[in-house]
Structures are given as structure tokens and as C-alpha cells.
Amino acid sequence: MLKNGICRIGYFAHSDWHVYSGKRWPLLYSQHRTSSTAAFVKILPLNTVMTVKLIFVSTAHRCEAVCQQCQTQVCIKCCIDTHKKHNVKVISKIVEEVKFRIQNETEEIQNKLIPNSQKEVLDIENRIIILTTEYAKLEQERKRLRNLWLKEVEDIFDKVDSYIIKMKEESLSTLTAHKKKIEEIIPDMIKTVEENKEILKSNEATNTLNYISKNEEFEHAYVPFNADMEYPSLVADVLDGNELNIKIGHLRATMSQTSEPAVIDDELSTKLQQTLKKSKLIVSISTRCKPLHRVACVEENEAWHIQIGVYIPEKMASSSFLAQGIITCSLCENPTKQYCNDCQVNLCVDCVSPHIEAFQSVPHYIVSFKNRKIRLVYPSCLIHLGHRCEAMCQQCQIQVCIKCCIGPHKNHNLKAIAKIVEKLKLNIQNETEEIRNNLIPNSQKKVLDIENRIIILTTEYAKLEQERERIRDIWLKEVEDLFDKVGSYITTMRDENLSTLTAHKKQIEEGIQEMIKTVEENNEILKSNKATHALNYISKHEEYEYAFVPLNANVEYPTLVANALGKELNIKIGNLRATLSQTLEPAVKDNLLLTKEKTTLKKPKVVASISTRYKPLHRVACVEENEAWVSGDTKTITRLDVQKYVKETVATNCHRFTNDISVTTQGDLIYSDYENKTVNIVREGKTEALFTTPPGWHPCNLFATKAGDILVNISRGLKNKILRHQGEDISQEIENNDLGKSIFAEGSYSLYLTENSHGDVCVSDLNARSVISVARSGRVRFCYKGASRKRSFDPQCIVTDSLNQIIVTDYSNDCLHMLDQTGQFMRVFNNHGLVAPCGLSIDSAGRLWVGLLHTGNIKVIQYLKN
């Protein structure tokens, strides 16, 4: 279209309608005429144009028809020449039909295909949102199940740990008890040997006649321990590269998956240490030699010793040696001058008269020491004074003198005492040699054997615990690998689904743009009067209908199937299958130590009330059943019994007072010294330091475990942590959880601690006003914040009983809280006059000893029944 005119001939000669400004009209007019030389061009004023007709372009003539036979456009000349008699159709009608179809298809695209495609895009976007949400849920479920499986693995190995600790404690207890019995009998045997030697050296017939043999008692009192002690075996297998099995005692556990094998490291091998880490004193022998110059051992249990000029050993008392030593009087320390042949006694000049006066009923033949005669000393007759019994009446079994023989015991079967003594001394000699050469050495060897077996047992159990920890890491890694595979599968499926949806969405969006462009082109064709555009039109409607087929209505998300059947966990996703199962709880047979099953009383009762001299009273630590160590705001620690009698008092070197006390399985007292940074032990009245805390840290509360370890809370400023000591070595440090955060709250209060039979460390954290249970692995099992009371929960001293129940003092509420082993509140003890309970311990009978801070009294509470 021109501003000042319209070309009636060349209207469809160009692809666009041109609007020109009047200033350029002369130039464009000439250009249009030049470009349209193939046809007649007639320019009319714009206001004279009334209608627009179709323009048919040809080289010389306008094509106004189409040959249906040849499918070409023809003009009038073609119709009467080349295409004569062909079926010819007028182009105007064809264009009208095409434009009608274009109109319909355009409306179809505009009103249906484009809205449907846009709706499909929105649907895909919604499905992407849903897919992302579902996969996020799947990932959350994966993490939840991962934690569940990890917890199950931790529980399995906690049970393994408990079983190992239980068996170790029982084995050590049995060995230690047997060793103690043997060590107790050895001094009796040594004493018996010494007594027998005295009898053999003695000329007193009475001593020999009154001899009672102990050999049979020594031989049968302590039967030798079984040669071999069986240690629990921890069997761990990998089957087919994808199944883990573990077996110990009555516990069986299996974890399997149908994919990659789990790798088991080579077994660790450790050498058994044959020598003792610490030498120890087994006997102390006092002698009369002061000063003592020499000691020379004779075989295993004898030694010669000498002090020049004073003492002559028994085996050296020969005539040639007498001149080098001094023989002292039997009644005093003066040199011997005389000798009583009747009584066989060394006498100095001053002691002859006192000796005769002391035994006036019998004769005394006093000679010089050189003229002495060694002979048997017969017992005095109780009936005939002044006579000695030289015979034994076999019928009456009594000693008789010569008068008795011709009197009451006439015609009785008599036997000379000298022969009886000779025979008895021979028996005594044999028995003494048996005790000295066989029983004592065998018992000492047995003690050494038990000590070596304790070392071996400790080593074996240490290896067992190392193996448990190694296998635990393998199982945890296997769970991690399993859920990494689940995570990889979920991520892969999510990415594939998102990629498919995103690609389809992009394809539809591109199609929408193409359809919009097609609609615009179709509108141009519909508005155009140029027949060529209509005739050249190619429909894309069918392409648009089938090119963008909607996705399936529902995208299938992978399902994470997880079941918990009893003690079996199952998981299934895609082609991955995995199972974790426990077939049986560990049942420990108490074949070494028999324990009675107990339940709690409905109404606990106070069975004893003990007053002490400690005000305030800080700590109580029971010794077996009827005794306890107590401490307060002084430097002393006192052991007293349930009848209030003081048994022992220990003076410490603490600057002010002891922080905490406990009792080991051997019955030794241990206590912490805050200022000196030491943990000390009291053995047989002597105090020695067990270990010193790390630099900058101070020991606070402590607990001696049944396995022989010592748990000690150490503090520095406001920080607290717990160390597990095996002797001087630190075997465990409890401070942070799995996330690296501190388990215990910062504060000025120390931690109170104990351990149950599973090896869980139970901690009373007053800074956090909570009770925390930490597994042997270091994992936090639970945290108890206290039951609702009048005042805030104020936990302090804590113990566990034979049922693994936890009892903790609540100072502010004047009561005790009882929890089960999972940390669930069970009951409270608050009606026994427990005002400001502070110290707390439990005796071997299962009774609670509760120390009251201000009064210094101890309440003994029975709450368990057999």
C-alpha cells in the first residue's frame, strides 16, 4: 500500500505491504514500475480504490486457474492451448477453500493446541515440583532408615560388648578369687613347715605326740583350676562377598545385600606378654640378724643368712663352728654356760635357779653346756608328781609313767613313747618335705600360672574388643555403603525423571513458539490477496497434533520399602535388596558367678540408719554388704559398718578434702585429689598414686568398674570430660558426640558417673540438669531431663543396680529418681526422710546407702526383693 496511491496490478508482487512517506514517493514510484515490467502497471489514487481483487502473476498473462490434471497454474491462453480439454479449476475458488482451511487450522492451533500445550507445560512444571518433593521425601526416608540401621548395628555391637565385658569380669573374678584362696593357703603352709621344723628340732615328746597333720587339708582344700579357660569367640564371616555374619555366645546377627562384597581386613595378631608389667612383693621375712650381711638362696623357698659373730644357722651348728659364734640362754640373751639335760634347755648361770624353781615337780640334771646330752624330754605325769611318762597305753590312749604301768595300766598294751615319737617325727619329716617341696611350690606355681592366665585373659579380651571394634566399623561401613547405593539410585532416578520432564517441557515450549509463529503467518496469508501464498500453504496442523504427545499421566517414583520384623530389618529399592537381622538375644550363662533374679519392692523400707562424724557428708562407697567408706569436708576417709562401728580411718594428703571415693573389685579404696591432680589407691593401709591427670586438668569424680578400669571425670575451667583408665594408660576419652559437639554442658559443676553391666557409662550432668547414658562405643544412648517436681531437677550422685536400673539423687527435691536402662522414668523415692541426699552407693545385697549432706546420717534402703 502506498501513501498516495495503490498499485492495482502489482499488489501481490511483493511479500510485504509497503507504506511510504510522501517525500520519497517519486523515487519509489519509479522503482515499483521498474520492478514490475513483466506486467501492466496502473497507479490509482488511494481514495479511488474501492475493492481489492486477487492478483495472479505470470510472465505475460495472469493465471486465474489451476489444471487439475497437471497441477499447474494456467492463464487463459494456456487453457485454450496446452491444457485444452484438461480439468481446470478457478484459482479464486481454490484460494477460498485453502483460506477456509487455514482459518480452521489457525483457530484449532490458537484455541486448542497452544492452550493444551501450555497446560501440558504447567502440568510438567507441577510434576517437576511433585517429583522434587517426592524425591526429597525419599531422601529423608533414606536418611531416617540409615540412622535406624546404624543404630541397629550399634545396638548389636553394644550387646557384643556387654557380653565380652560380662564374660571378662566373670573370668577375671574367678581367677582372682582362686588366686586369692591359694595365696591365703601358702602362708598357712609356710607356717606349718616352720612349726614342723620346731617339732623336729624339739626334744619335747609332747609336741610330737600332739602333732596334727594338715597335708590332706592342704592337698584337698584347693583343687587345681581347670587347665584351659575358654574365651568367647567372635566369629565374623563374609559369605558370597555380600553377606556379613557375626556370632558370639547366643547372639547371631546377619546383614546381607545383593550387591558389592564387604571387605574384611586381615586379622590382627598380637604377641602375648609373658613378663609382669609391675613386679610385686609376695613375702617379707624378718630375721634376728641386725645388721644382715648376706643372703644365699637354697633352691626355691629357703635361704642362708649370716650376721658375723652373733647368729649361727641351724644347718651350720657343728662343733667346729661353735667357736665362731655365741649360743644364748633359752630364758634370756646372756651366753649359755649350763644345760638342763632333763628339760633340754640352754641356761646361763643366773637362770639355773629360776628354771629349777619354775618346774619343781620334775628332776633337773644340770650340767655344763659342753657336757650336755641331747635326748628326748618326756612329759610329766599328771598323776604321779616327779615322774615322767615314758610309755603310751594303747588301750587307754594316754601317756603313763612307770608307776602307772605297774598300777592302773598293769597288763595293758604299752608302747614306748620314744618309738612313737621316732615314728611320728619320721612322718612329720616326710609331711614337711611334702609341703615344702611339693605343696608350696605347686601352689606358688599355680599363683604364677593364674597371674599369667590373667595376663593372657586380659590380652585375649583386649584382642576380642579390638576385633569387635574392627568388625563394628566394617558393619557400619557396610550400612553406609548400602545407603550410599540407595542414595545414588535415588539421585540417578531423580535426575533421569527430571531430565525427561525438563526436555519434554522445553520441546513443548519450543513448539508453542512455533505454533504462535505459524498462527501469525496464517493470519498474514488470510489477510493477503496474493493467491501464490495461499496456493503454497503447507499445513502443520497434523504435525502439531502428533509432534508433542503428552507424557504418561503418572511418573513412577522408586519406592523405598523398609520393614522391621521383630529383630530383622529389610530394605528394597529398585534391584537392591538388603537385610539386617538378629536371631537371638545374647544369653550369658552365669556358670562362674551365680546371681539371683530380683524385682523391686512396692514399698521400699529403711533397714538401717547410721550416724557419722562427717557434717557435711559428701560421699559413700560400699564395701561388700555391711560396710562402707565415707568422706566429708575433711582430709580423712573412714570405713564403718552397718552397726556404726569404725573399722578403719585413712588420712590423705589432700589440701582440703577428697573429691570422690570408690572401691575396686579387689576391695581397695581409691580417691581423687583435685589439687595434687592425682588418683590414689589405698592397699593394706598404704597410699600410692595410680596416675596423674593430663596437664591443666584436675580429677573430680570417679568410679571403679567391675572390669578393673577406672572412670574419672576431669575438668578444666568450665569444661568436663571423662577418661577411662586401665592402670596408667588412657583407653577411652568421652567428650564429643558423632557430630563433634560436646556431650556435656559447660559449667562449674563436676560430673557424677557410674557404669552398668552393658558397659554403658551413666553420667549425672548437673550443669545440664540431666542424666546421660553413653555406650561403650561413645554414642549417646539417651538423655533424661527429670520428671516433673516442685523444683528444678538437681541430679548428683548416681548408681546402677543388678537390673541395670539407674538411681540418681535429686538434691533440691529431697528424693531419688529411678530409671530403667533405656532412660525411662520408673519411680521416685521421696518418703524416707531423704533431706538433701548427697552420697549414694549400692552394696552387694542390692541395698541403697544414701548419705544426707547436712545431718551426716546414712539411710540404708532395701528396695529389691529376691
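Kindly indicate whether any position in region 352-364 is over 19 Å from residue 204 (Cβ atoms) and touching a strand residue (DSSP E or B) at 6+ places or on another chain (Cβ under 8 Å). Checked against the condition, which is being over 19 Å from residue 204 (Cβ atoms) and touching a strand residue (DSSP E or B) at 6+ places or on another chain (Cβ under 8 Å), region 352-364 yields at least one hit. Take the conditions surrounded by 15 or more Cβ atoms within 10 Å (Cβ to Cβ), modelled with pLDDT of 85 or more and out of contact with any Asp or Glu (no Cβ under 9 Å at 6 or more places or on another chain) and apply them to residue 604. Does it pass? Criteria met by residue 604.
Of all residues in region 784-804, those satisfying the criterion of being in contact (Cβ under 8 Å) with a residue 60 or more places away in the chain and part of a loop (DSSP other than H, G, I, E, B) are 801, 802, 803. Identify the residue in region 309-357 that is in a helix (DSSP H, G or I) and hydrophobic (A, V, I, L, M, F, W, C) and, among all such residues, is modelled with the highest pLDDT. Filtering region 309-357 for residues that are in a helix (DSSP H, G or I) and hydrophobic (A, V, I, L, M, F, W, C), the one modelled with the highest pLDDT comes out as 352. Within region 406-413, one or more residues are surrounded by fewer than 17 Cβ atoms within 10 Å (Cβ to Cβ), among the small types (Gly, Ala, Ser) and on the phi < 0 side of the Ramachandran plot. Checking the stated criteria, residue 809 turns out to be modelled with pLDDT of 90 or more and in the same structural domain as residue 712 (by TED's automatic domain parsing).
Condition check ((1) among the β-branched types (Val, Ile, Thr); (2) buried (at least 18 other Cβ atoms within 10 Å of the Cβ); (3) in contact with an Asp or Glu (Cβ under 6 Å, 6 or more places away or on another chain)) across all residues:
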site: 792; (1), (2), (3): no, no, no
site: 798; (1), (2), (3): yes, yes, no
site: 802; (1), (2), (3): no, no, no
site: 808; (1), (2), (3): yes, yes, no
site: 816; (1), (2), (3): no, yes, no
site: 821; (1), (2), (3): no, yes, no
site: 838; (1), (2), (3): no, yes, no
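Can you find a residue that is touching a Gly at 6+ places or on another chain (Cβ under 9 Å), under 30 Å from residue 452 (Cβ atoms) and buried (at least 17 other Cβ atoms within 10 Å of the Cβ) anywhere in region 137-160? Yes, region 137-160 contains at least one residue that is touching a Gly at 6+ places or on another chain (Cβ under 9 Å), under 30 Å from residue 452 (Cβ atoms) and buried (at least 17 other Cβ atoms within 10 Å of the Cβ). Within region 414-447, the set of residues being hydrophobic (A, V, I, L, M, F, W, C), assigned to a helix (DSSP H, G or I) and surrounded by 13 or more Cβ atoms within 10 Å (Cβ to Cβ) comprises 417, 418, 420, 421, 424, 428, 435, 439, 440, 447.
Looking across region 381-402, the residues that are in a strand (DSSP E or B) and touching a Lys or Arg at 6+ places or on another chain (Cβ under 7 Å) come down to 391, 392. Residue 826 meets each of the listed conditions (1) modelled with pLDDT under 95; (2) part of a strand (DSSP E or B); (3) in contact with a Phe, Trp or Tyr (Cβ under 7 Å, 6 or more places away or on another chain) apart from (3). When residue 759 is tested against (1) over 24 Å from residue 661 (Cβ atoms); (2) assigned to a loop (DSSP other than H, G, I, E, B), only condition (1) is not met.
One line per residue, one yes/no per condition, for (1) assigned to a helix (DSSP H, G or I); (2) without any contact (Cβ under 8 Å) to a residue 40 or more places away in the chain; (3) outside the structural domain of residue 776 (by TED's automatic domain parsing); (4) surrounded by 12 or more Cβ atoms within 10 Å (Cβ to Cβ):
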{"position": "73", "(1), (2), (3), (4)": "no, no, yes, yes"}
{"position": "83", "(1), (2), (3), (4)": "no, yes, yes, yes"}
{"position": "86", "(1), (2), (3), (4)": "no, yes, yes, yes"}
{"position": "115", "(1), (2), (3), (4)": "yes, yes, yes, yes"}
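Tallying residues that are of a type in the set (Ser, Thr, Tyr), at pLDDT below 85 and in contact with a Ser or Thr (Cβ under 9 Å, 6 or more places away or on another chain) within region 150-193 yields 3. Residues in region 423-466 that are in contact with a Pro (Cβ under 9 Å, 6 or more places away or on another chain) and of a type in the set (S, T, N, Q): 442 alone.
The C-beta contact set for region 188-203 (first residue closer than 15 Å to residue 424 by Cα and free of Cβ contacts under 8 Å to residues at least 40 places away in the same chain, second residue crowded, with 19+ Cβ neighbours inside 10 Å and among the polar types (S, T, N, Q), distance under 6 angstrom, 6+ apart or interchain) is empty. Scanning region 713-741 for residues being more than 17 Å from the chain's Cα centre (by Cα) and either buried (at least 17 other Cβ atoms within 10 Å of the Cβ) or not hydrophobic (A, V, I, L, M, F, W, C) (or both) gives a total of 11.
Residues that are in contact (Cβ under 8 Å) with a residue 40 or more places away in the chain, under 27 Å from residue 768 (Cα atoms) and either among the β-branched types (Val, Ile, Thr) or out of contact with any Asp or Glu (no Cβ under 8 Å at 6 or more places or on another chain) (or both) are absent from region 682-696.
A count restricted to region 831-866 and to residues that are among the β-branched types (Val, Ile, Thr) and in a loop (DSSP other than H, G, I, E, B) stands at 2.
The values are calculated or read from the model by the stated rules, or taken from the named source; none is laboratory data. The structure displayed is predicted, hence computed values, not measured ones. All Cβ positions, glycine included, derive from the backbone under ideal geometry; neighbour counts span all protein chains shown.
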